[in-house]
Amino acid sequence: MVDILEQVYEGKAKKVYKTSEPGLYKVYYKDDATAFNGLKKGEIHDKGYYNNQISAILFKLLAEKGITNHFVELVDNRSMMVKALEIIPVEVVVRNIVAGSLAKRVGRPEGTELSMPILELYYKDDDLGDPMINEYHVKALNLATEEEMKTISEMALKVNEVLLSVLKPMKIDLVDFKLEFGRYNGRVLLGDEISPDTCRFWDASTKEKLDKDRFRRDLGKVEEAYQEILNRLRTMPITIAER
């Protein structure tokens, strides 16, 4: 039996606990919601439940496709066991459709489809607002090795390829998403979460937003959007904990 020893981290959306098993953490998903680098705060009812379940489904799917990640197993409705990663402070954003900050930076309307995926790098630092960086910054600041960044880029594009293929039949557009990676026993693994908090999901027919943009932009029906993503994902043949 694995015992929970102590809380080692609390972020905007999750709490992380050390366990009695070396190299194993418990992650608890919170209902707290933030946007605009913490300037907007609130709570989304049952967000922790939805994000835990959605992330578990997608991590299992990616593992089946050969993309190694930190997910071990679900503990309960709001918690999962994960491998204890040494997080690499470089966030990767993969974009398939123009939305959010990209629309402002390139002057293209939201919804414009890109001819190829765009990979963007951001320095993971809340105090600095997670600024955008490039490979030169990564190398000069010793954030990751060239080999690690090559692996990260390849994994990010593979994640995109897999998610696009499974979401399309569910009539979900994968607009963009954020990934985090970490080191584990000398290997780079996918970490953090994959959920409506970290992805932009649109209904393919209506273009209705099914993600945290509903909270950011005060669109209402936020919980319903998260629930809709989980309901569609549950049509895949992957077993997860029932509520």
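Derivation of every value follows stated rules applied to the coordinates shown; laboratory data play no part. The model shown is predicted, which means the values in this text are computed figures rather than measured ones. Here the Cβ is made from the backbone with ideal geometry for all residues, glycine too, and neighbour counts use every protein chain on show.
Could you please rank 70, 45, placing first whichever residue has the fewest other Cβ atoms within 10 Å of its Cβ? Provide the component values of the computation, followed by the final result.
On the way: 70 24, 45 11.
So the ranking, lowest neighbour count to highest, is 45, 70.
So how strong a dipole does the chain carry about its Cα centre when Lys and Arg Cβ are +1 and Asp and Glu Cβ are -1, to the nearest 20 debye?
Using only the charged Cβ atoms, the result is roughly 460 debye.
Run the helix sum for the chain: -39,500 (n - 2.57) per DSSP H stretch of 4+ residues, divided by residue count, reported at 222 nm to the nearest 500 deg cm²/dmol.
Working: 6 runs with 68 residues, N = 243.
After summing the helix terms and dividing by the residues of the chain, the value is -8500 deg cm²/dmol.
More than 19 angstrom separation, counting every C-alpha pair in segment 27-131; what % is that?
63
Cross-link candidates for residue 150: which lysines have Cα within less than 21 Å, leaving aside residues fewer than 8 places away along the same chain?
Hits, sequence-local ones excluded: 65, 124, 139, 158, 178.
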